[in-house]
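Undergrad: Okay, handing you the structure first.
Every read-out reported here was derived from the displayed coordinates using simple, explicitly stated rules and does not represent laboratory data. Being a predicted model, the structure only gives us computed values, none of them experimental. Here Cβ is always computed from backbone atoms with ideal geometry, including for glycine, and neighbour counts include all displayed protein chains.
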Amino acid sequence: MIKLLSGNEAIALGAYHAGVMVAAAYPGTPSTEILENLARFDGIYAEWSTNEKVAMEVGLGASCAGVRSLVSMKHVGLNVASDPFMAAATTGVNGGLVVISADDPGMHSSQNEQDNRHYARLAKVPMLEPGDSQEAYEIMAYAFNISEEFDTPVLVRTTTRISHSKSVVKATGNRKTPSKQPGFCYNPTKYVMLPAHARLRHPLMEERLSRLAAYAETFPLNQIIPGERRLGIVSSGVAYQYAREVFPEASFLKLALTYPLPRDLIRRFAEQVERLVVIEELDPFLEDSIRAMGIKVTGKELFPITGELNPDIIEQASRKAGLLTGSLKQKPEYRALNLPSRPPLLCPGCPHSGIFFVLSSLGQRSSLPGKPAREPKLIIAGDIGCYTLGAHPPLSAMDTCSCMGAGIGQALGMEKAGVAEKIVAVIGDSTFLHSGITGLVNAVYNKGRITIIILDNRTTAMTGQQEHPGTGITAQGQETTAVDLAQVARGIGINDVKMVDAFNIKAIRASVKSSLDSPELSVIIVRGACAVRLSGRSNPRAIDSDLCNMCGLCLLIGCPAIRKEKERVYIDTSLCVGDACTICQQICPRKAIVTSVNKGEKKDG
Amino acid sequence: MDRLNLLITGIGGQGIIAASDIVAETALAAGFDVKKTDSLGMAQRGGSVVSHIRLAPKVRSPLVKMGEADIILAFEKLESARWSHYLRPDGIAIINNHSVPPPSVSLGKERYPGDEEITDILKQQTDKIYLINGADLAEELGNIKTLNILMLGCLSIFIPFEEDIWRDCIAKRLPARVVELNTTAFEQGRREIENILNTETGSAYGKREG
């Protein structure tokens, strides 16, 4: 079977063919499609867990019960899951346990840039890094075999460029029949990590690591590609692809098992070449280890430690360092063009637009065109999700965004610090269920007086519409109990819990004002379906140019359908969702926004 | 043709990812090794999007190098200028003659470049600029969402894959109920370029402008 697959699709297919039985994940770019694809295969149990920590625990539990299991997450997800991950590294496995960390160099959709290869060293577990979809497919069978043979979880580390690029995959296998039937094997010294038992495990982990190092020497995907002796390049992942292209003649040591390192293989390679260079994305993970072996090597003094690499960056850095000679191919000179930027936006009809418009105006974040900017008031602690885009102008209605679930705790910390401003925490429904609940319990327990706004759009929108415990549907499409957010808030002791329609500006403003004036902790649940899930659009709005006085208030919603070109404000009727939203119509002081498309509203080409 | 570097650019929500998937599938069906990768930013609608597609007997990097794209297919004018430095000298730029001002322009903080400025930027790389009134044509077909397939029709004239392979891959990628409409859009796109090529004396830009 030859197919064009993304790295994530290839990982899912590879895991399926390797006989994975249980898969758990929390959505996170660029890892999301791994579980989405696994959920479609027959004979696999796949779940969206409430967060990555729980996913890891489910994976570890399935492994203890003897079946092959997979847990996938984005790089920061492994921070959340690091506690059970370290536990799994200590207890080891029964059925194979593979943990996928999809890193995001360049931060295409992340709050930080971190190199999760360090987790392999921290946890003393083996790590595999695929270089394209074909390798991502093949690596999965190795990963499960290594896990079972060495009694260890295996970390598979991809990056955005591997997970989200598509390339050709020749899938050779069929689904492997599981060798073991599910069954728990009672073994307290292995699975009950009392200090006395854990003390026994640590020496076994060290011994495991040295056996893995020996295995790495002959691991088939660690390869020397002979070339010119002048330059030897050690690389892995997508950086290898870029480097091969920039240096078609050089010798390469391409590593796919990057922890523990094949030290003899590296030494042999270093002896074959005159100069040894490491080209890797983010931290000098390989470079530092090679240097610590006493081998002369260069890497990060030539190539950037921050951001994604690409062939252009590698070529430019190599020319500067004298690694590449010969005449530069005539290239158009890149001038920094002074073009307007185009950041991503909240969608037309987004249920977050109304609440952010209200917070933006109450918090004095935006002003009408031509009017001076005002001093901001109200502190808005934000969180991770689509709604983080509310931080962009014109809304500018977010003051902090740290990590999943952080906003409620940060808001409480600011209150306890004694700031004079009123404080709100804004958090999405999926993020609230992921890690906001503990923060809310803490705020109740510690007598907080902040306002918590839960943006309930009934989905995990940012990562592409995944189900979560509040939607009442599982990852595999089955109906289940829907967690009632209002009941949760009341159940932990909050008296002031309000529900409000995300498309009713008056009601939103009234509830926010009432909560800000209230001396007690309050929760507002702003509910409205994600615009991407709208089944149909009806009656797009238009601007009556006779009534419009160009005040610009509607532009402050930040709706992509409302635009100003030259001396005209208009609504792009192909984008407006119409009756489902009407926020612009509700706020227009001159009632100039009307239902039907009439005079002068047909856009020019 | 034994290799091709292609960039598809535009705005999130215009169907760029689907279009680049179809090109990649068509290339695979036509016997090439192919890699593609999309830069999506925060993956939501309305942001600047670029998709890189490379085909050759053996492809390593999924990213096209600056100045090495043979063709840029742009779904919006500003986005054609933004990525123009990826075009190789004398490469081909196929542009939907349509402007969508970003929010900074609507709020009066930045200025949308005029047609001449955009042409000047592109002309530093090439004179082979094909402006297509794609958005209007797609609306005339009854669905603005056919824009991406119409643009693929334009592109297909410059890539020697058999037309049937394109059609098959389009049909495989899209829901059955819209295949017929999109096939019409594909043909319309082909005709637009053929008409320009048939009447062409120099740059196509001047003739198609306005």
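Undergrad: Determine, from the Cβ-Cβ distance of residue A:419 and residue B:2 and an R0 of 60 Å, the FRET efficiency 1/(1 + (r/R0)^6), rounded to the nearest 0.05.
TA: Result of the calculation: an efficiency of 0.40.
Undergrad: For the protein assembly as shown, what is the mean residue ellipticity at 222 nm derived from helices alone (per DSSP H run of n ≥ 4: -39500 (n - 2.57); sum divided by total residues; nearest 500 deg cm²/dmol)?
TA: The helix contribution divided over the protein assembly as shown gives -10500 deg cm²/dmol.
Undergrad: What's the ranking of A:59-65, A:544-550, B:188-194, A:148-154 by average number of surrounding C-beta atoms within 10 Å, highest first?
TA: A:59-65, A:148-154, B:188-194, A:544-550
Undergrad: Additional query: In whole Hz and in residue order, list the ³J(HN,Hα) couplings for region A:486-494 that follow from phi through the Karplus curve 6.51 cos²θ - 1.76 cosθ + 1.60, θ = phi - 60°; x for Gly and Pro.
TA: Per residue, the Karplus-derived 3J(HN,Hα) values read 5, 5, 4, 4, 5, x, 8, x, 8 Hz.
Undergrad: Would you mind calculating the gained length between residue A:320 and residue A:224 on full extension (0.36 nm times residue separation, minus the Cα-Cα distance), in nm to one decimal?
TA: Contour length minus Cα-Cα distance gives 31.9 nm.
Undergrad: Okay, moving on. Return, ordered by residue number, the residues of region A:232-275 whose backbone nitrogen is under 19 Å from a label point located 7 Å along Cα→Cβ of residue A:149.
TA: Once the point is set 7 Å along Cα→Cβ of residue A:149, A:255-266 turn out to lie under 19 Å by backbone N, inside region A:232-275.
Undergrad: Taking the 0 to 90 degree range and rounding to the nearest ten, how far is the long axis of helix A:406-417 tilted relative to the main principal axis of chain A, both from C-alpha atoms?
TA: On a 0 to 90 degree scale, this one is about 70.
Undergrad: Per-residue Cβ counts within 10 Å, from other chains only, averaged over A:162-172: what number is that?
TA: 4
Undergrad: Can I ask one more? Please report how far the C-alpha centroid of region A:33-59 lies from that of region A:165-224, rounded to the nearest whole angstrom.
TA: 20 Å
Undergrad: Separate question: Taking the Cβ-Cβ separation of residue B:139 and residue A:550 as r and a Förster radius of 25 Å, what is the calculated FRET efficiency to the nearest 0.05?
TA: Result of the calculation: an efficiency of 0.40.
Undergrad: Counting Lys and Arg as +1 and Asp and Glu as -1, each charge on the Cβ, what is the dipole of region A:542-594 about the Cα centre in debye, to the nearest 20?
TA: About 140 debye.
Undergrad: Quick one: 3J(HN,Hα) in Hz for region A:290-307, Karplus 6.51/-1.76/1.60 with θ = phi - 60°, rounded, Gly and Pro as x.
TA: 5, 5, 5, 7, x, 9, 6, 8, 10, x, 6, 6, 9, 10, x, 8, 9, x
Undergrad: Right, next: Just to be sure I understand the model, the point goes 7 Å from the Cα along the line to the Cβ. What's the resulting residue B:116 to residue B:194 distance in nm?
TA: Placing both labels 7 Å along Cα→Cβ, they lie 3.6 nm apart.
Undergrad: Follow-up question, since we're still on this one. Work out how much length residue A:210 to residue A:487 would gain on full extension: take 0.36 nm times their residue separation and subtract the Cα-Cα distance, in nm to one decimal.
TA: Contour length minus Cα-Cα distance gives 94.5 nm.
Undergrad: Just order A:360-366, A:342-348, A:474-480 by mean Cβ neighbour count inside 10 Å, highest at the front, would you?
TA: A:342-348, A:360-366, A:474-480
Undergrad: Which percent, to the nearest 5, of DSSP beta bridges fully inside the protein assembly as shown are antiparallel?
TA: The antiparallel fraction comes to roughly 35 percent.
Undergrad: Would you please give the residues with an amide H less than 5 Å from that of residue A:46, counting only those at least 5 places away or on a separate chain, with H modeled from the backbone geometry?
TA: Distant-sequence amide H within range of residue A:46: A:23.
Undergrad: Now, a different point. For B:54-63, what's the mean count of beta carbons from other chains sitting within 10 Å of each residue's beta carbon?
TA: The per-residue average across the peptide is 6.
Undergrad: At 0.890 mPa s and 25 °C, plugging the Kirkwood radius over alpha-carbon pairs of chain B into Stokes-Einstein gives what diffusion coefficient in µm²/s?
TA: Value of D from the Cα-based Kirkwood radius: 143 µm²/s.
Undergrad: Right, next: Given a 10 angstrom Cα cut-off, can you work out which residue in B:95, B:53, B:157 is the most mobile in a GNM of chain B?
TA: Among B:95, B:53, B:157, the largest mean-square fluctuation in the Gaussian network model of chain B belongs to B:157.
Undergrad: Something else: So who's got an amide H within less than 5 Å of the one on residue B:66, skipping anything under 5 residues away but keeping other chains? H placed 1.01 Å off N, in plane.
TA: The answer is A:312.
Undergrad: In addition: So if I place +1 on the C-beta of Lys and Arg and -1 on the C-beta of Asp and Glu, and nothing else carries charge, what would the dipole magnitude of chain A be about its Cα centre? I want it in debye, nearest 20.
TA: With Lys and Arg at +1 and Asp and Glu at -1, about 880 debye.
Undergrad: Between the helical axis of A:352-362 and the dominant principal axis of chain A, each derived from Cα atoms, what acute angle in degrees is found, rounded to the nearest 10?
TA: Compared with the principal axis, the helix lies near 60 degrees.
Undergrad: Now for a different question. Treat each spin label as a single point 7 Å out from the Cα along the C-beta direction, and report the residue A:268 to residue A:298 distance in nm.
TA: 2.7 nm
Undergrad: How big is the antiparallel share of DSSP beta bridges in region B:4-208, given as a percent to the nearest 5?
TA: Expressed as a percentage, antiparallel bridges in region B:4-208 total about 55.
Undergrad: Just add up the charged neighbours of residue A:478: K/R +1, D/E -1, any other residue whose Cβ is under 15 Å from the Cβ of residue A:478.
TA: With Lys, Arg at +1 and Asp, Glu at -1, the neighbours total -3.
Undergrad: Determine, from the Cβ-Cβ distance of residue A:590 and residue A:121 and an R0 of 51 Å, the FRET efficiency 1/(1 + (r/R0)^6), rounded to the nearest 0.05.
TA: Computed FRET efficiency for residue A:590 and residue A:121: 0.20.
Undergrad: Highest GNM mean-square fluctuation, chain B, Cα pairs closer than 10 Å: which of B:100, B:23, B:49?
TA: Of B:100, B:23, B:49, the most mobile in the Gaussian network model is B:100.
Undergrad: Against the longest alpha carbon principal axis of chain A, how many degrees, from 0 to 90 and to the nearest 10, is the axis of helix A:505-517 turned?
TA: 80 degrees
Undergrad: Give the long-range amide H neighbours of residue A:259: residues separated by 5 or more places, or on another chain, with amide H under 5 Å away, using H modelled in the peptide plane at 1.01 Å from N.
TA: A:127
Undergrad: Inverting the mean 1/r over all pairs of different Cα atoms, compute the Kirkwood radius of the protein assembly as shown and quote it in Å.
TA: 28.4 Å
Undergrad: For a protection proxy built on the mean count of beta-carbon atoms within 10 angstrom, sort A:193-202, B:5-14 highest first, please.
TA: Ranked from most to least packed, the peptides come out as B:5-14, A:193-202.
Undergrad: Now, a different point. Simple spin-label model, 7 Å along Cα-to-Cβ: residue B:172 to residue A:501 in nm?
TA: 4.7 nm
Undergrad: Right, next: How large is ³J(HN,Hα), in whole Hz, for each residue of region B:105-116 in order, when computed from phi with the Karplus curve 6.51 cos²θ - 1.76 cosθ + 1.60 and θ = phi - 60°, using x for Gly and Pro?
TA: 6, 4, 8, x, 8, 9, 10, 7, x, x, 3, 5
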